[in-house]
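Asker: Dropping a structure here in structure tokens format, bear with me for questions.
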There are 2 protein chains.
Amino acid sequence: MRADAARNRDKIVEAARQAFRTRGYDAPLDDIAKAAGVGAGTLYRHFPTRESLVDAVMQAWVERVNDAVGKVLAEGGTPRELLLRWFDTYVELISVHKGGPAKITRAMEDDTSPMRTKCQTLRAANAQIIDELGAALRPGVDSLQFARLVGGIASVVDQGNLPAPSVKPMLEVVVDGLLV
Amino acid sequence: MRADAARNRDKIVEAARQAFRTRGYDAPLDDIAKAAGVGAGTLYRHFPTRESLVDAVMQAWVERVNDAVGKVLAEGGTPRELLLRWFDTYVELISVHKGGPAKITRAMEDDTSPMRTKCQTLRAANAQIIDELGAALRPGVDSLQFARLVGGIASVVDQGNLPAPSVKPMLEVVVDGLLV
DNA sequence: CACGATACGGAGACACTCTCCGGTTAGCAA
DNA sequence: TTGCTAACCGGAGAGTGTCTCCGTATCGTG
């Protein structure tokens, strides 16, 4: 890739990061191109879909997820405390941008999604928690079910613009349902 | 209202019902107007927002919800059986149209929504179930929390195009978390 | 320094939303 | 039955956002 192309790509990603944070995932792509100081054609050549741009914006997110799950596991506590802490963290991780919970949760189900490697990270993080909890969890629980249950809650909170304290009681219900 | 206006309104609602069923809630409104054989201006005069049209389409839905909750209560069973049956029914009720779970669940939080009277029906139905279950439920559970938890699951299933059998295991987790 | 492969960009086509205002008609009173 | 007017209609067009095409620009190598 040419140097000017790399420069433009980075400018687009940074402009998108800003736009997604302030206006959500549905921020107009032509506006993002303008903010980046490039043409719309340039944006579309680097990122053919909104989702591929979102994936690029989430570059540092993988490390953030891994750090977070490591920290949650290191803090220990009862299975309930640990799972509640992880789910709290999980909601935070996927709620960075408005519309994020719905998009990321949907991408978890889609093996053709440009975000699939990022989703793999989330899946692996869930799997570490499941391994740690072992028999404390009801039978048949997997990584994807964690994603769906908590992603559903995060989506409702995000789309309904609910206050942060709404999350905890619902996570408690799910945690108590998951543990035996 | 003039007779021709009432006829047009009915035609629009029927065209919308078809469009929402086959193409989801985001079906283009100009297309719906065309299918109804009226002008876009006519559609917008009868229904200033997509949500007000959705509300009109849901006219018979109130009766359907009341019938459903009555039936669920009449069948009895253990608290777990009753609650699972209700949640199953709840997911079916809000998933009639693609995009329905997300929209209805969001409308539950919005007192200015044109769908608020329909949502009131859902809230009341949840309240009947909560009354019936009484002390079998963990403390602090209310009608809105039912709506959020189950609405979240329904949204994830709807948006991820998950198969119907995916729903049950997740509802079981929530039910077991809600009961003491 | 020249050249060509690679990258750019923005106008415009397309899709959808929604309003405006000239035209039409239902229904009522004389 | 007729005339009148308030209520209703409808569709063109302005606005917004997506995304492609192709003439132009420039990076990087020989």
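Asker: For the range B:82-99, what does the Karplus curve 6.51 cos²θ - 1.76 cosθ + 1.60, with θ = phi - 60°, yield as ³J(HN,Hα) per residue in whole Hz, taken in order and with x for Gly and Pro?
Answerer: Result, rounded to whole Hz: 5, 5, 4, 4, 5, 5, 4, 5, 4, 4, 4, 4, 8, 9, 4, 10, 4, x.
Asker: Quick check of the Kirkwood formula: for the range B:3-57, what is the inverse mean of 1/r over all pairs of different Cα atoms, in Å?
Answerer: By the Kirkwood definition, the hydrodynamic radius is 10.7 Å.
Asker: The range A:16-80 to the range B:49-73: how many Å between their Cα centroids?
Answerer: Result: 38 Å between the Cα centres.
Asker: Also, I was wondering about something else. When you look at the Cβ of every residue in B:107-113, what mean number of other chain Cβ atoms sits within 10 Å?
Answerer: 2
Asker: Just how large is the dipole of the range B:61-178 about the Cα centre, in debye to the nearest 20, putting +1 at every Lys and Arg Cβ and -1 at every Asp and Glu Cβ?
Answerer: Charge dipole of the range B:61-178: 260 debye, to the nearest 20.
Asker: Now for a different question. Considering only A:Ala124, A:Ile94, A:Leu137, whose Cα is most displaced toward the positive end of the charge dipole of the range A:61-178, charges sitting on Cβ of Lys, Arg (+1) and Asp, Glu (-1)?
Answerer: A:Ile94
Asker: Still on this structure, I have one more. Among A:Asn8, A:Val156, A:Pro114, whose Cα projects farthest towards the positive end of the dipole of chain A, with charges put on the beta-carbon of Lys, Arg (+1) and Asp, Glu (-1)?
Answerer: Checked the options; the winner is A:Asn8.
Asker: I would also like to ask the following. With a cut-off of 8 Å between alpha carbons and a minimum separation of six or more residues, what is the relative contact order of the range A:11-105 in percent?
Answerer: Relative contact order of the range A:11-105: 34 percent.
Asker: Another one. What net charge do the residues around A:Gly99 carry, taking every other residue with its C-beta under 13 Å from that of A:Gly99, with Lys and Arg at +1 and Asp and Glu at -1?
Answerer: +4
Asker: I need A:Tyr25, A:Tyr90 ordered by Cβ neighbour count within 10 Å, fewest first.
Answerer: Ordered by Cβ neighbours within 10 Å, fewest first: A:Tyr25, A:Tyr90.
Asker: Could you list A:Asp55, B:Asp31 so that the one with the fewest beta carbons within 10 Å of its beta carbon is first and the one with the most is last?
Answerer: Fewest-to-most ranking of A:Asp55, B:Asp31: B:Asp31, A:Asp55.
Asker: Name the long-range amide H neighbours of B:Leu179: under 5 Å, sequence gap of 5 or more, or other chain; modelled H, no Pro or chain starts.
Answerer: So B:Leu179 has HN proximity to B:Arg138.
Asker: Provide a whole-number value for the mean count of partner chain Cβ atoms within 10 Å of the Cβ atoms in peptide B:144-154.
Answerer: Mean shielding by partner chains, rounded to a whole number: 6.
Asker: Moving to a separate point now. What number comes out for the charge environment of A:Asp131, summing +1 per Lys or Arg and -1 per Asp or Glu over other residues with Cβ under 13 Å away?
Answerer: Result for the neighbourhood of A:Asp131: -1.
Asker: While we're looking at this one, here's another question. If I build a Gaussian network model for chain B, linking alpha-carbon pairs within less than 10 angstrom, which residue out of B:Arg21, B:Arg64, B:Arg138 has the largest mean-square fluctuation?
Answerer: Evaluated over chain B, the most mobile residue of the options is B:Arg138.
Asker: Also: Using Cα-Cα distances under 8 Å and only pairs 6 or more residues apart, what relative contact order does the range B:3-57 have, in percent?
Answerer: 40
Asker: Rank-order B:33-44, A:148-159 by packing density, defined as the average count of other C-beta atoms within 10 Å over each peptide's residues, highest first.
Answerer: Taking the mean over residues of other Cβ atoms within 10 Å, the ranking is A:148-159, B:33-44.
Asker: Return the average number of partner chain Cβ atoms within 10 angstrom of each residue Cβ along peptide A:156-163.
Answerer: Mean inter-chain Cβ contacts per residue within 10 Å come to 6.
Asker: What does the extension gain come out to for A:Glu14 and A:Ala35, with contour length at 0.36 nm per residue minus their alpha carbon separation?
Answerer: 6.6 nm
Asker: What lysines could a cross-link reach from B:Lys11, if we take a straight Cα to Cα line under 30 Å and drop same-chain neighbours fewer than 8 places away?
Answerer: Here the lysines satisfying the reach criterion relative to B:Lys11 are B:Lys34, B:Lys98, B:Lys103, B:Lys118.
Asker: Continuing with this model, one more query. With only Lys, Arg, Asp and Glu charged, each at its Cβ (+1 for the first two, -1 for the last two), find how big the charge dipole of the range B:37-128 is about the Cα centre; round to the nearest 20 debye.
Answerer: About 200 debye.
Asker: List the residues whose amide H sits under 5 Å from the amide H of B:Lys98, counting only those 5 or more places along or on another chain, with H placed 1.01 Å from N in the peptide plane.
Answerer: B:Gly24, B:Tyr25
Asker: Show me, for the range B:5-14, the HN-Hα J-couplings you get by feeding each phi into the Karplus relation (A = 6.51, B = -1.76, C = 1.60, θ = phi - 60°), rounded to Hz, glycine and proline as x.
Answerer: Taking θ as phi minus 60°, the curve returns 5, 5, 4, 5, 4, 4, 5, 5, 4, 5 Hz for the range B:5-14.
Asker: Please report the relative contact order for the range B:61-178, taking Cα pairs under 8 Å with a sequence separation of at least 6, and give it as a percent rounded to a whole number.
Answerer: 33
Asker: Another question, then. What are the label-to-label distances in nm, one decimal and shortest first, from A:Gln18 to the same spot in the other copies, with labels 7 Å along Cα to Cβ?
Answerer: 4.8
Asker: Can you check what the net charge comes to around B:Asn161, using other residues whose Cβ is under 10 Å from the Cβ of B:Asn161 (Lys, Arg +1; Asp, Glu -1)?
Answerer: -1
Asker: Across the range B:36-49, in residue order, what do the Karplus-derived ³J(HN,Hα) couplings come to in whole Hz, using 6.51 cos²θ - 1.76 cosθ + 1.60 with θ = phi - 60° and x for Gly and Pro?
Answerer: With coefficients 6.51, -1.76 and 1.60, one gets 7, x, 10, x, 4, x, 5, 4, 6, 6, 6, 9, x, 9 Hz.
Asker: Continuing with the same structure: Report the full-extension gain for the segment A:Ala3 to A:Arg80: residue separation times 0.36 nm, less the Cα-Cα distance, to one decimal in nm.
Answerer: That works out to 22.7 nm of additional length.
Asker: Of A:Asn161, A:Asn66, A:Asn126, which is the most mobile in a GNM of chain A whose springs link Cα atoms less than 10 angstrom apart?
Answerer: A:Asn161
Asker: Next question. Find the centroid of the Cα atoms in the range B:82-109 and in the range A:124-139, then give the distance between the two in whole Å.
Answerer: Cα centroid of the range B:82-109 versus Cα centroid of the range A:124-139: 29 Å apart.
Asker: Could you tell me whether the protein assembly as shown comes out rounded, prolate or oblate from its Cα gyration tensor? Rule is a ≥ b ≥ c as square roots of the eigenvalues, rounded for a/c under 1.5, then prolate if a/b exceeds b/c, otherwise oblate.
Answerer: oblate
Asker: Who wins for biggest fluctuation among A:Glu14, A:Glu63, A:Glu51 in a Gaussian network model of chain A, springs between alpha carbons below 10 Å?
Answerer: Top of the fluctuation ranking is A:Glu63.
Asker: Could I ask something else about it? Taking the Cα atoms of the range A:61-178 alone, what are Rg (to one decimal) and Dmax (as a whole number) in Å?
Answerer: Rg then Dmax for the range A:61-178, in Å: 13.3, 37.
Asker: Another question about this same structure. Hey, got the dipole for the range B:3-57? About the Cα centre, +1 on K and R Cβ, -1 on D and E Cβ, debye to the nearest 20?
Answerer: Dipole of the range B:3-57, to the nearest 20 debye: 100 debye.
Here, each number is a calculation from the coordinates, and none is a lab measurement. Quick caveat, the model's predicted, so the values are computed rather than measured. Note: ideal-geometry Cβ built from the backbone for every residue, glycine included; neighbour counts use all protein chains shown.
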